[in-house]
């Protein structure tokens, strides 16, 4: 009796495995995706990074740059940047001797950058720094115009309220 129960249990497990497991297909996994979060819709932005510069890689791991032009947060002629060792983990694949526009963030472990920051070869930049600054200026101007409009509406409401309270 016990052996029949064991055989039925074993057959049930095998049947369950054969029928149910094929229904659960593994999803495709992406190791690195650069999707902007709702609070960071413009990832390549002057204000999103602590360090922005152009320069040439003089050696790697960590990556040492000879700085051509500093736009933000850089002093001196050289800088060390940290990135993950592979593109699959969002690391930027810097090559010695090539020139780059680098967007980096200060961390407890030094300045870090990666694929999702906007860092690119200088020859591919096509005004990325200027574009990011222009986008930021437009966003700031829009925000200021919105605040000014709100101020005017509140002021108008207060004027109307005051006139109504005075009876005229």
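When residues in region 97-112 are screened for being in contact (Cβ under 8 Å) with a residue 40 or more places away in the chain and out of contact with any helix residue (DSSP H, G or I) (no Cβ under 9 Å at 6 or more places or on another chain), 4 of them pass. Selection of region 73-93 for residues being more than 18 Å from the chain's Cα centre (by Cα) and surrounded by 12 or more Cβ atoms within 10 Å (Cβ to Cβ) yields 73, 74, 79. Which condition breaks for residue 100 when tested against (1) at pLDDT below 80; (2) over 14 Å from residue 61 (Cβ atoms)? Residue 100 satisfies all of (1) at pLDDT below 80; (2) over 14 Å from residue 61 (Cβ atoms) except (1).
In region 114-134, the residues that are modelled with pLDDT under 80 reach residues that are buried (at least 17 other Cβ atoms within 10 Å of the Cβ) and in a helix (DSSP H, G or I) with C-beta atoms within less than 8 angstrom, at least six apart or across chains, in these pairs: 129/46; 132/46; 133/46.
Between 44, 58, 67, the distinction of being modelled with pLDDT of 85 or more and surrounded by 16 or more Cβ atoms within 10 Å (Cβ to Cβ) belongs to 67 only.
The values are calculated or read from the model by the stated rules, or taken from the named source; none is laboratory data. All of these numbers come straight from a predicted model, not from anything done at the bench. A quick note on method: Cβ atoms are made from the backbone with ideal geometry, for glycine too, and the neighbour counts reach across all protein chains shown.
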